[in-house]
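Asks: Once you've had a glance at the structure underneath, I'll fire off some questions.
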Amino acid sequence: MKGALSRTHVFHITLLLLLCIHTTWFSPLSGAKFSFYFTTKVDVLPPDISPSIGSQPLLPLLAPSPLKPFINYTLPKLSGLCPLNFSDAEHILSTTAADCFNSFAKYLANVLCCPQYNAMLGTLIGQSGKFSGQLALNMTHASHCLSDIQKILVSQGANEDLKNTCSVHPANLTEASCPVVAVYEFEGIVDTSRLLTACRDIDPLHECCDQVCQNAINYAAKKIALNDMSNIDGDKNLPEQVARINDCKHIVLHWLASKLEPAAANGLFRGLSNCNINKVCPLVFPDITNVVEKCGNVTKNRTACCKTVKSYVSYMQNQSFITNIQALKCAASLGKKLQKASVSNNIYKLCHISLKDFSLQDAEIDGTSGIGFICDLNDNIAAPWPSASHVVASSCNTTTKLPSLPAATSAQNGLCVKNLVLPYLFITTLLLLSMIL
């Protein structure tokens, strides 16, 4: 070994480790096993590991927030024109900065960063409503607040372009087309006791299927959108009515946030956002012409077909980390596209395409330090080829078996973690940090 890792490199590695663990434990990815590898370009000899030996899955243990205790930062100069109270939500802001850490943001936007970013905004606006009596900001305040929030997050290590990464604009912080924004008016229309009972303490595992809180939010949104009980069951499918109801859902959420403590409000937003994350495939499908040309008759040239398919899926894979259920939906969507284009053979089976092929596995984090990472989804679940009887997987479908914790393959020495003692990671973290301090 010609040299040792600098303290900066060690800190980066520790930070990446904790962030990956944070993602695994607290996000919709928590049902899957992961292995994490770190690569550096410094002149250090790596351990002698045979390529034939599978990696050990990382133990998904609890850890403290990776940024807050170890990064010193100074509060940037703010506009002074934003009415939101940032001091009461310091922990939520630091959590958002960690979840949207600079180079991670674009990879974790779908499953972690943007859900937390939106939860933070909703929590801040709701908490502000306790004192302002308003459940949304005007456009001027919204612009200043977004700018101030971005400055605070960047000062704590977050990505500098979160507004675009998460498609958030000042108008998202206003009431938009919802006709009700004042707290007193909202509480005069909505059965607030019923709403709060349904949403005060949601069960993240059951809410996505039972939709107790979501149904209460939808009902309240329709009430204030139409502002007339007799019209609540009228034609709500007109575009302007749908848009108004959706805008009013944000007002309902802001009211709920005003009645909860910041941490509880943030947890509510995150729990509800998790239900939406797995509904659709978040990946963008490029043109499938080349795949169709090479795989329309795979019996003649299987090699060319599989090479094209793997190249296509690899392109999709580099877009983002996704969950297992999202990967199932992506595989089904792509399969249906190919079938419509006359690709009838099961090319997933033919070319050994698995769910992990649809989610990002390897990323270069920091070009200047040369640190990269690999997050290996150790499922190796075969991607299902759609059939006439194929039902897209859902965590609420009791007939669909989702192997969220599959047995390790012969090349993967799996670990059982259900009886693991949680303090182990904390000790490991301290040992790693001792190398820095």
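The values are calculated or read from the model by the stated rules, or taken from the named source; none is laboratory data. Nothing here was measured: the structure is a model prediction, and the numbers come from that model. Cβ atoms come from the backbone with ideal geometry, glycine included; neighbour counts cover every protein chain shown. In case anyone asks, the SASA skips ligands and DNA or RNA and just uses the protein heavy atoms, side chains included. Shrake-Rupley method; radii C 1.70, N 1.55, O 1.52, S 1.80 Å.
Asks: Restricting to the stretch 309-332, give me the number of residues that are loosely packed, with under 15 Cβ neighbours inside 10 Å and in contact (Cβ under 8 Å) with a residue 24 or more places away in the chain.
Replies: Initial filter on the stretch 309-332 (loosely packed, with under 15 Cβ neighbours inside 10 Å): 311, 314-315, 318.
With in contact (Cβ under 8 Å) with a residue 24 or more places away in the chain added as a condition, the list becomes 314-315, 318.
Total meeting the criteria: 3.
Asks: Would you mind finding the one in Asp148, Asp191 that is among the acidic types (Asp, Glu) and open to solvent by 40 Å² or more (accessible area, probe 1.4 Å)?
Replies: Details: Asp148 fails: open to solvent by 40 Å² or more (accessible area, probe 1.4 Å).
Exactly one residue qualifies, and that residue is Asp191.
Asks: If only one of Asn172, Asn159, Asn218 is under 29 Å from the mean Cα position of the chain (by Cα) and farther than 24 Å from Gly129 by Cα, which one is it?
Replies: Values: Asn172 fails: farther than 24 Å from Gly129 by Cα; Asn218 fails: farther than 24 Å from Gly129 by Cα.
Unique residue meeting the criteria: Asn159.
Asks: Residues of the stretch 150-167 being part of a helix (DSSP H, G or I) and either free of Cβ contacts under 8 Å to residues at least 12 places away in the same chain or within 18 Å of Val111 (Cβ to Cβ) (or both), which ones? I'd like the intermediate steps shown before the answer.
Replies: Of the stretch 150-167, the ones part of a helix (DSSP H, G or I) are 150-155, 162-165.
Leu162, Asn164, Thr165 - these are the residues of the stretch 150-167 that are part of a helix (DSSP H, G or I) and either free of Cβ contacts under 8 Å to residues at least 12 places away in the same chain or within 18 Å of Val111 (Cβ to Cβ) (or both).
Asks: Test of understanding: among Asn215, Asn231, which residue is modelled with pLDDT under 95 and polar (S, T, N, Q)? Let's see the steps before the verdict.
Replies: Details: Asn215 fails: modelled with pLDDT under 95.
The conditions single out Asn231.
Asks: Those residues that are over 22 Å from Gln241 (Cβ atoms) and either touching a strand residue (DSSP E or B) at 6+ places or on another chain (Cβ under 6 Å) or without any contact (Cβ under 8 Å) to a residue 40 or more places away in the chain (or both), I need them from the stretch 168-186; list them, please.
Replies: Residues of the stretch 168-186 that are over 22 Å from Gln241 (Cβ atoms), as a first pass: 168-170, 173, 183-184.
The answer is His169, Pro170.
Asks: When you check Cys306 against the structure, is it assigned to a helix (DSSP H, G or I), buried (at least 16 other Cβ atoms within 10 Å of the Cβ) and over 21 Å from the mean Cα position of the chain (by Cα), yes or no?
Replies: Details: assigned to a helix (DSSP H, G or I): yes; buried (at least 16 other Cβ atoms within 10 Å of the Cβ): yes; over 21 Å from the mean Cα position of the chain (by Cα): yes.
Answer is yes for this residue.
Asks: Can you say whether Lys349 is assigned to a helix (DSSP H, G or I), within 29 Å of Cys275 (Cβ to Cβ), touching a strand residue (DSSP E or B) at 6+ places or on another chain (Cβ under 9 Å) and free of Cβ contacts under 8 Å to residues at least 40 places away in the same chain, as far as the supplied structure shows?
Replies: On the way: assigned to a helix (DSSP H, G or I): yes; within 29 Å of Cys275 (Cβ to Cβ): no; touching a strand residue (DSSP E or B) at 6+ places or on another chain (Cβ under 9 Å): yes; free of Cβ contacts under 8 Å to residues at least 40 places away in the same chain: yes.
Judged against the criteria, Lys349 is not a match.
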